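Below is one structure, written out as structure tokens; the observations come after it.
The values are calculated or read from the model by the stated rules, or taken from the named source; none is laboratory data. Computed from a predicted structure; not experimentally measured. As a convention, Cβ positions derive from the backbone with ideal geometry for all residues, glycine included, and neighbour counts pool all protein chains shown. What goes into the accessible areas is simple: the full protein's heavy atoms, side chains included, and nothing from ligands, DNA or RNA. Shrake-Rupley method; radii C 1.70, N 1.55, O 1.52, S 1.80 Å.
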Amino acid sequence: MNNKIKNVFARYILDSRANPTVEVEITLEDGSLGRAAVPSGASTGKLEAHELRDESKEFNGKGVSKAVQNVNRVVSDAIIGKDAKDQAEIDKILIDLDGSENKSTLGANAILAVSMANLVALSKSSKKHIYELIPNIYGEPSLPVPFMNILNGGAHADNSVDIQEFMIVPHGFSDFNDALRSGVEVYHTLKTRLKDKGLATNVGDEGGFAPNYSSSKEVLDEIMLAIAEAGYKPGDEISLALDAAASEFYKNNMYHIEGNPLSNTEMADYLVELSNSYPIVSIEDGLAEDDWEGWKYLTSKIGDTVQLVGDDLFVTQEKILQKGIDDNCANSILIKVNQVGSISETIETMKLAKDNNYTSMVSHRSGETEDAFISHLVVGTSSGQIKTGAPARGERTAKYNELLRISEQVGSTNFNNKKWQK
Ligand code: 2PG
Ligand code: MG
């Protein structure tokens, strides 16, 4: 089989927030075509790899024509003729060609789209599924517990809720399909409950409802009731998870949440109290990305019992994760391919996490496309956890639907839910 790269082509397409993003097609000499598109965040971490935008009149500055040109004029020359089988080598060429610390020369959006498209092309050529080509970091390929964001706040919705994501975690099932279905049923039950109360049932960026609530406890109470009304046992079958995205409301060393300015220990104590009052199994970005001291304090308080996920804190980067490991901050990392900008680096970060007993949660971005690469990433690495929004909006269901298809291949009872079993 000839796996040499014959052609590389980039275009812009639109993401779920009507912003342009980069899509790349790589054709191999045997005719195999791999296509991939990159996502884009709203509550981004300061140290994420650089997303190159045109900053011109078109698309309100958000055009990606420079990134597209970088692929078509610079990257293609550098990788045509290379063997697609060597993902690490392809990624190294891209990183060297860029030459900057944060991929700002070519753009992380340009580099990542090429990196992903290469693996997709190789999967076509080798007649293997993408997940079969991904290193089994946490074990043999398996289906993840879906962390379903059914109520949106913060930067993802125009409501009064400060915490960005309220997720349900259907872990108490032996079958991925049952877990997903239970989450869908809770989603519908929540919608009916909100409607009956005269609250808005329009959805936010990630497909969760976005009604106005003034406190997180009110939201959590409502979700608990929806779980029970849908016929499931909160805590045993379906637990809860939060992404506070606390960097968004951290100003002048204080957390401005629900009308109160809190110090870092007060914010951490508030999260401890929430996790004692509700079956919360995971809290992401409970503290801000610069507040290492606060992270250390929270980890010392509940790091043994609650998964504490660093998103803005670690931005999927090995070096920053290493600092967290050294400082006893968090016990889990959110994995977003575009925060680091290549597949090989993503894999290296996940390996470091695994080697240090940190869990990894593979994640979408709030701005997404129909691309379902992350469904393969989570199954292949067997990380056991994916967060990809509510089971609504096409760009979110694209990932869940791909997992349903994969479940026919790996078996839906091959469900990596052990961590959450009592
Ligand atoms: C997050 C993500 C995805 P964004 O904070 O975890 O849910 O949001 O893509 O806006 O950074
Ligand atoms: Mg987050």
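Would you grab the residues whose amide H sits under 5 Å from the one on residue 415? Only those 5+ places off in sequence or on another chain, please, with H modelled 1.01 Å from N.
Distant-sequence amide H within range of residue 415: 143.
In region 153-207, if every C-alpha pair distance is counted and binned at 5 Å from zero, what percent goes to each bin?
4, 17, 21, 23, 20, 10, 5, 1
For residue 278, what accessible area in Å² do you get when you roll a 1.4 Å probe over the heavy atoms of the protein chains, rounding to the nearest 10?
Surface open to solvent at residue 278 totals about 30 Å².
Roughly speaking, to the nearest percent, how much of region 325-390's 1.4 Å accessible area is carbon and sulfur?
Carbon and sulfur: 38 percent of the exposed surface of region 325-390.
Per the Kirkwood definition applied to all pairs of different Cα atoms, how many angstroms is the hydrodynamic radius of region 5-127?
Value: 14.5 Å, from the Cα pair sum.
Could you check the spin-label model distance between residue 293 and residue 102? Points 7 Å from the Cα along Cα→Cβ, value in nm.
That separation, rounded to one decimal, is 2.4 nm.
Taking 0.36 nm per residue of separation and subtracting the Cα-Cα distance, what length does fully extending residue 214 through residue 199 add? Could you put the intermediate results ahead of the total?
Details: separation 15, 0.36 × 15 = 5.40 nm, distance 1.28 nm.
Residue separation times 0.36 nm, minus the Cα-Cα distance, leaves 4.1 nm.
Return the inverse of the average 1/r over all pairs of distinct C-alpha atoms in region 335-422, which is the Kirkwood hydrodynamic radius, in Å to one decimal.
Values: mean 1/r = 0.0729 Å⁻¹.
Evaluated over region 335-422, this radius sits at 13.7 Å.
Measuring with a 1.4 Å probe in the full set of protein chains, what accessible area per residue, in whole Å², belongs to region 5-127?
Result: 44 Å² per residue.
From the phi angles alone, apply the Karplus equation (6.51, -1.76, 1.60; θ = phi - 60°) to region 4-13 and give each ³J(HN,Hα) in whole Hz, x where the residue is Gly or Pro.
6, 6, 9, 8, 10, 9, 10, 9, 9, 10
Based on the mean of other Cβ atoms within 10 Å per residue, sort peptides 228-235, 393-400 so the most packed one is first. Provide the component values of the computation, followed by the final result.
Values: 228-235: 16.0, 393-400: 19.8.
The peptides rank, most packed first, as 393-400, 228-235.
Under 16 Å Cα-Cα from residue 399, which aspartates and glutamates qualify once same-chain neighbours fewer than 8 residues away are excluded?
Partners found: 15, 205, 206, 368, 370, 371, 408.
Roughly speaking, what % of Cα-Cα pairs in region 283-324 are separated by over 16 Å, rounded to a whole number?
28
Please check which bits of region 42-63 a label hung off residue 18 would reach, taking the label as a point 7 Å along Cα-to-C-beta and the cut-off as backbone N under 14 Å.
59-62
When only Cα pairs under 8 Å and 6 or more residues apart are kept, what is the percent relative contact order across the chain?
It rounds to 21 percent for the chain.
Extending each Cα 7 Å along its Cβ direction at residue 85 and residue 59, get the distance between those two points in nm, one decimal.
Between residue 85 and residue 59, the simple spin-label model gives 3.6 nm.
Taking only Cα atoms and a 10 Å spring cutoff, compute GNM fluctuations for the chain and point out the largest among 52, 190, 262.
262
In region 92-171, which GluC sites (Glu not before Pro) are in a loop and have at most 14 other Cβ atoms within 10 Å, using DSSP for the loop call?
Values: sites: 101, 132, 165; in loops: 101.
The qualifying sites are 101.
Between residue 351 and residue 225, what is the spin-label point distance in nm, taking each point 7 Å from the Cα along the Cα→C-beta axis?
For residue 351 paired with residue 225, the spin-label model returns 5.1 nm.
Tell me, what are the semi-axes, in whole angstrom and largest first, of the equivalent ellipsoid of region 84-225 as set by the roots of 5 times the Cα gyration tensor eigenvalues? Write down the numbers at each step before the final one.
On the way: eigenvalues 304, 98, 28 Å².
With the √(5λ) rule applied to region 84-225, the semi-axes are 39, 22, 12 Å.
Could you order the peptides 113-121, 353-361, 67-75 from most to least packed, using the average number of other C-beta atoms within 10 Å per residue?
113-121, 67-75, 353-361
Springs between alpha-carbon pairs under 10 angstrom, Gaussian network model over the chain: which of 252, 338, 102 fluctuates most?
Its mean-square fluctuation being the largest, the pick is 252.
Say R0 is 35 Å: what FRET efficiency, to the nearest 0.05, do residue 273 and residue 318 get from their beta-carbon distance?
After rounding to 0.05, the efficiency reads 0.55.
Pairwise over distinct Cα atoms, reciprocal of the mean inverse distance: report the Kirkwood radius of region 145-420 in Å, one decimal place.
18.5
Output the relative contact order of region 130-186, whole-number percent, from Cα pairs under 8 angstrom with separation of 6+ residues.
28
How much length, in nm to one decimal, is gained on full extension between residue 66 and residue 30, taken as 0.36 nm per residue of separation minus their Cα-Cα distance?
Stretched out fully, the residue 66 to residue 30 stretch lengthens by 10.0 nm.
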